[in-house]
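Have a look at the structure below, then the notes.
The values are calculated or read from the model by the stated rules, or taken from the named source; none is laboratory data. Everything quoted here is computed from the prediction, not taken from an experiment. FYI the Cβ positions are ideal-geometry reconstructions off the backbone, even for glycines, and counts take in every protein chain you see. Protein only, heavy atoms only, side chains kept; ligands, DNA and RNA dropped before computing areas. Shrake-Rupley method; radii C 1.70, N 1.55, O 1.52, S 1.80 Å.
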Amino acid sequence: MVPSTGHNKTKTAVFISGTGSNLKSLIKFSRTSKSPISINLIISNNSKAKGLNYAKTYKIKKKVFSFKNKNISEKKLLSILKTNDIDLICLAGFMKILSGNFITKFKGKILNIHPSLLPNYKGLNTHKRVLNNKEKYSGCTVHFVNARLDSGKIILQKKVKISKNETEASLGKRILAQEHRLYPKAILKIFNL
Ligand code: GRF
């Protein structure tokens, strides 16, 4: 990614469906001087997403699209992204799959965070599957989004050692804490910072 010219940061939209703890960490990062991005828009498919409250706390514009009709929602979404000059999209716990058409329009400009060491454990319930398979390590991955689920080019990963008596909840919590650090680092990396 090429940073915006002048003093402007690259305008970024974060897409969420739930708690939004990664959104919060991205907002905090975006407000530091070293950040090449600003968060200008929060998008959700779920009007009850807890993370939408950060829009108010941090005075950021938010918009909800049902995605019941993906085609219609994506058309409206593309138009709002355009009016807001959005040049980077960060998916953070966004539970809808974007169409190939949408992804093409933002080629190389959509990132996602996934709670496993990709290419292993794509999809849902990663911690449960990792523990069932008695893995020694898990972790998290920030990657570019392409048309195939959890399959785009990997930007950064962080390994987490699985401890004795690990539960889905304990592993999820420890990995999430690492996610909050990894996403900002991955953004610095794609801007060559
Ligand atoms: C994170 O574990 C993320 O990796 C996954 O969904 C979860 C979202 O958590 N894609 P939060 O909404 O950011 O707290």
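Heavy-atom accessible area for D87, with the other protein chains in place and a 1.4 Å probe, reaches approximately 60 Å². Projecting label points 7 angstrom from Cα along Cα→Cβ for N132 and R31 puts them 4.1 nm apart. The angle between the Cα long axis of helix 21-30 and the longest principal axis of the Cα atoms of the chain comes to about 50 degrees, rounded to the nearest 10.
Computed from the alpha carbon atoms alone, the convex hull of the chain holds 117 Å³ per residue. Result for the chain in a Gaussian network model with C-alpha springs under 10 Å: among L26, L98, L131, the largest mean-square fluctuation is at L131.
Between R181 and I97, residue separation times 0.36 nm minus the direct Cα-Cα distance comes to 27.8 nm.
For the listed residue pairs K159/K189; K128/K153; K59/K153; K70/K158; K63/K159; K107/K128, the alpha carbons are over 28 angstrom apart in K59/K153; K70/K158; K63/K159; K107/K128. Rolling a 1.4 Å probe over the protein heavy atoms leaves E168 with an accessible area of roughly 90 Å². Once both labels are positioned 7 Å from their Cα atoms along Cα-to-Cβ, the gap between K159 and K107 label points is 3.5 nm. Computed packing ranks the peptides 33-39, 112-118, 74-80 as 112-118, 33-39, 74-80, most packed first, by mean other Cβ atoms within 10 Å. Each stretch of four or more DSSP H residues adds -39500 (n - 2.57); spread over every residue of the chain, this sum gives -10000 deg cm²/dmol at 222 nm. The mean sequence distance of close C-alpha pairs (under 8 Å, at least 6 residues apart), as a share of the length of the chain, puts its relative contact order at 20 percent. Taking 0.36 nm per residue of separation and subtracting the current Cα-Cα distance, fully stretching the chain between Y58 and N125 would add 21.1 nm.
Computed from Cα positions, the angle between helix 168-190 and the longest principal axis of the chain comes to roughly 40 degrees.
Approximating the spin labels as points 7 Å out from Cα along Cα→Cβ, the S151-to-E168 distance works out to 2.6 nm. By the Cα gyration tensor, the range 88-151 has an equivalent ellipsoid whose semi-axes, rounded to whole angstrom, run 25, 10, 9 from largest to smallest. How many percent of the accessible area of the range 33-72 is carbon or sulfur, using a 1.4 Å probe? Carbon and sulfur atoms account for 49 percent of the accessible area of the range 33-72.
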